[in-house]
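First comes the structure, then the notes that go with it.
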Amino acid sequence: MAAAKLLQQGVSQAEVARRLGVHRQSVIRWVRELRKSGRAGLKQAGRAGRKAKLSAPDLQAIEQALKRGPQALGYETALWTAPRVARLIEQRCGVRYHPAHVWRLLGQLGWSCQRPAGRALERDEEAIQRWKKYRWPQLKKKPAGRAKPSSSSTRAG
């Protein structure tokens, strides 16, 4: 409907596609439908593409399991991998996904690719900062001064 409004205001098809973040072919299809059936024709347009295999409650259940972490499901590490998430989806919802598609689903849920930082519990941040500020500059190699030209030149003088 937003496209119809913009088109009726005289906005170009390319600009409508850019503003709405859709492909220009979609706008062309909408223009055709507007001419043929008016705004009512656009309301009847169904969803494009294959229907999702996971419902909204399925996605919520998956997200809750993700928040509990992989260790709650018996994994040794706290790292979610695509194959682990694919296994989780299959166990909870009975739907098989290729690990590559799992990343798209995670993105849809607002999850991103991250790796937990492995840090020692005994870590002393103040001591580390002192070492970086005072000791490291003393140990760090300084660039050597420019060397004098070699006396064994290969050029004829």
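Here are a few things to note about the model shown:
- Looking only at the stretch 87-106, and only at residues there that are over 17 Å from Gln64 (Cβ atoms) and surrounded by 12 or more Cβ atoms within 10 Å (Cβ to Cβ), the one that is modelled with the highest pLDDT: Tyr97
- Selected residue [surrounded by 10 or more Cβ atoms within 10 Å (Cβ to Cβ) and in contact with a helix residue (DSSP H, G or I) (Cβ under 8 Å, 6 or more places away or on another chain)] from Trp80, Trp131: Trp80
The values are calculated or read from the model by the stated rules, or taken from the named source; none is laboratory data. These figures come from a predicted structure and were not determined experimentally. A quick note on method: Cβ atoms are made from the backbone with ideal geometry, for glycine too, and the neighbour counts reach across all protein chains shown.
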